[in-house]
Amino acid sequence: MESRNEKIHNFLIEKSKKFPFIKNEIRNNGVLKITKQSIDLFSFMVKTIIAQQISNEVAEILWKRLCSQLEKNSISIKSFKNISYLKKVLIKTKISKSKINYISELYTAMLKKEIDDNMLLKKTEDEICSLLMEYKGIGQWTCNMILIFFYEKLNIFPENDLVIKKTLRKLNLLEKKKINFQENYSPYLSIFSLHLWKMSKRIL
């Protein structure tokens, strides 16, 4: 019996039958799935804010530097006994002052339960974004990353992601047509996005 991930993969292949290059790239990628996060919502948002507007390599270095300062390299909102300690760790991590301010504001909001994982679980995708984007440092890209990689939503299309934007442009050129990706690959745009990120390493 096909697993859900295999069914989604076969759906994407079927939807790519008019686009031979894309179809071949998705085949080459193999079955992709969203990996469940082992960190809490606060930590995931911290990781995502750190990754804003920098390369994946630099973001990974900074994230590891942050975790290395904590007990057992493990991170959660409980890792930070108060906001002063949080700021001290973030300063030592050497991230920008603006990102430190964004993260500090989120920390306070989560302690006050203004942002609460259980509460967000009951909301629609648009409602989640609407609430989170009230806070500085959380724009559409950050919200999309939270929806895809933390809440494992299957139909999110982060078109404003720089790599995805470049990859879509390249695919239109290679297929010699203007493709409506959103219409064609819904309701599995999140998984299609995973394919775009993976194939970008070969085609860009």
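The values are calculated or read from the model by the stated rules, or taken from the named source; none is laboratory data. What you see is a predicted model; the values in this text were computed from it and never measured. Cβ sites come from the backbone with ideal geometry, for glycine too, and all protein chains shown count toward neighbours.
Checking the conditions here, which among M119, M145 is part of a helix (DSSP H, G or I), at pLDDT 95 or above, among the aliphatic types (A, V, I, L, M) and assigned by TED's automatic domain parsing to the domain that holds S76? Being part of a helix (DSSP H, G or I), at pLDDT 95 or above, among the aliphatic types (A, V, I, L, M) and assigned by TED's automatic domain parsing to the domain that holds S76 holds for just one of M119, M145, which is M145. For the range 95-131, residues that are in contact (Cβ under 8 Å) with a residue 60 or more places away in the chain and within 24 Å of L189 (Cβ to Cβ) total 2. Taking the range 30-106 and the helices (runs of 4 or more DSSP H) fully enclosed by it, the elements with 1 or more residues that are within 15 Å of the chain's Cα centre (by Cα) and modelled with pLDDT under 95 are at 56-68. Scanning the range 1-19 for residues that are within 17 Å of S186 (Cβ to Cβ), touching a residue at least 12 places away in the same chain (Cβ under 8 Å) and not in a loop (DSSP other than H, G, I, E, B) turns up I8, H9, F11, L12, I13, K15. Here Y135, Y185, Y107 are screened, and the one residue that is surrounded by 13 or more Cβ atoms within 10 Å (Cβ to Cβ) and closer than 27 Å to I22 by Cβ is Y185.
When I39, I77, I22 are checked against the criterion of being touching a Ser or Thr at 6+ places or on another chain (Cβ under 9 Å) and in contact (Cβ under 8 Å) with a residue 60 or more places away in the chain, I22 stands alone in meeting it.
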